[in-house]
1. Based on Cβ point charges of +1 for Lys and Arg and -1 for Asp and Glu, what charge dipole magnitude is obtained for the stretch 2-115 about its Cα centre, in debye rounded to the nearest 20?
2. Specify the angular offset, from 0 to 90 degrees and rounded to the nearest 10, of the alpha carbon long axis of helix 50-69 from the longest principal axis of the alpha carbons in the chain.
3. Would you please calculate the Kirkwood hydrodynamic radius of the stretch 75-120 over all C-alpha pairs and express it in Å, rounded to one decimal?
4. Over what distance in Å are the Cα centres of the stretch 74-120 and the stretch 20-63 separated?
5. I'd like the FRET efficiency for I50 and S76, computed as 1/(1 + (r/R0)^6) with the beta carbon distance as r and R0 of 41 Å, rounded to 0.05.
6. Could you tell me what fraction of 2.2 N^0.38 Å the Cα radius of gyration of the stretch 1-44 comes to, as a two-decimal ratio?
7. What is the percent of Cα-Cα separations in the chain that go past 16 Å?
8. Please check: in the Gaussian network model of the chain (C-alpha springs, under 10 Å), which one of S96, S71, S30 has the largest mean-square fluctuation.
Amino acid sequence: MTVVKQTGDEPGGWRAACVHVNIQRVTGESFLCKFGVDVPIENEDGPFSIPLAQRIAAERANEAAHLVFGSATPESGLGLLCEAFKKSFGTLLRASIRGSRVKTACHERTIPVQFGELVP
C-alpha cells in the first residue's frame, strides 16, 4: 500500500506491506514472525512498479529464508530464527532496492498478510 505519495519528478514516496509468517516445526511448535517491509516508489536508480518491488522482495525473502532456516537445528529458537531472518532479509533487500527497509513493526495503515497456518 502506498503510505507516502511521490510528488514531482524527484525520487521519493513509499509503499509498505505487513507480513506475518508462521514458523513451525514438525513437532507442532510455532512462532508468528511479524515484520513490515518498506520500499521506495522511486529512488536514485529509478522507479519501482508494484510488481517489480513485489518480485524483488519475494526473491530476497526466499534467499534469506534459505540462508537462515537452512542452517537451523532442532535446538534453534524460533524467535531467534525470526530475528535472524528479518536481519538477513533487510540486508538482501537493501542491496537490491536502495532505501528499502525491513522493520519489526508494520506501518499502521497496512493490513497484515498471513503466510502459514496458525496452530491453536
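1. Rounded to the nearest 20 debye, it is 200 debye.
2. With rounding to tens, the tilt is 30 degrees.
3. The answer is 12.7 Å.
4. About 7 Å separates the Cα centre of the stretch 74-120 from the one of the stretch 20-63.
5. Efficiency for this residue pair is about 0.75.
6. Taking the Cα Rg and dividing by 2.2 N^0.38 Å, one obtains 1.77.
7. 62 percent
8. S71
Coordinate-derived values only; no laboratory data. This structure is a prediction, so every number in the text was calculated from the model and none was measured. Positions of Cβ are backbone-derived with ideal geometry, glycine not excepted, and every protein chain shown enters the neighbour counts.
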